[in-house]
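Nothing in this text is a laboratory measurement; each read-out follows from the coordinates by a stated rule. Quick caveat: nothing in here was measured; it's all calculated off a predicted structure. Cβ coordinates were reconstructed from backbone atoms using ideal geometry, including for glycine residues, and neighbour counts include every protein chain displayed.
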Amino acid sequence: MRLPQRSGDQVRIGVAITVPEPYASVLHAARARCGDPWAQYIRPHITLLGPTVVEPDEIAQVDEHLAAVARQHAPFVVELRGTGTFRPVSPVVFVQVAEGLAGCVGLERSVRSGVLAQDTHFRYHPHVTVAHEVEDDLLDETSDALAGFGATFVVDSFHSYAHGDDGVWRPSRDFSLTGSPADAEVSAAT
């Protein structure tokens, strides 16, 4: 995982949909089992904003922005099913988002605007990473082991995360989705 450099008292943050239990434990165990070096630091999630550095005095503005995003989006259903990979570009195996793509894409687009606007290197592809930076045979084993995995849950919130000096990503704040389906359609169209 590439982390942006910090200087001074800058804070490294991320924004994600946290995968709920009991599914999170299953996915975490699979990631740990393959020896993924990030398993102990990252909860199973669908990224909305990757690691980003902000100044401490910008945190309140970021939180206001994320609260406004949450008010614009309605809860939606996500179904995780099967596996995929970013190989050969990146040594990653993931569980696929089979339903709820539009909800994830709309949230990501809204999160990555305003104070958090930034260019990305790749087109957004919602997923849950289950193996990263391990040997190809371990990537294959993890992909095979989770090929039949399935989970369905309601996304009614997302979290901001802070990256600690110990390398652990910890939830900072919960943002409940309180918009109506019509709000989400308007937000996705813009």
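Return the residues of segment 62-92 that are closer than 28 Å to ASP136 by Cα and surrounded by fewer than 20 Cβ atoms within 10 Å (Cβ to Cβ); say none if nothing qualifies.
Matches in segment 62-92: GLU79, ARG81, GLY82, GLY84, THR85, PHE86, ARG87, PRO88, VAL89, SER90, PRO91, VAL92.
Consider segment 109-143. How many of its residues are within 26 Å of PRO56 (Cβ to Cβ), surrounded by fewer than 22 Cβ atoms within 10 Å (Cβ to Cβ) and of a type outside the set (Ser, Thr, Tyr)?
Qualifying residue count, segment 109-143: 7.
Would you mention how many residues in segment 1-30 are within 15 Å of the chain's Cα centre (by Cα) and charged (D, E, K, R)?
Residues flagged as within 15 Å of the chain's Cα centre (by Cα) and charged (D, E, K, R) within segment 1-30 amount to 2.
Identify the single condition in (1) in contact with a His (Cβ under 6 Å, 6 or more places away or on another chain); (2) among the aliphatic types (A, V, I, L, M); (3) farther than 27 Å from VAL115 by Cα that ALA16 does not satisfy, given that it satisfies every other one.
Of (1) in contact with a His (Cβ under 6 Å, 6 or more places away or on another chain); (2) among the aliphatic types (A, V, I, L, M); (3) farther than 27 Å from VAL115 by Cα, only one is false for ALA16: (3).
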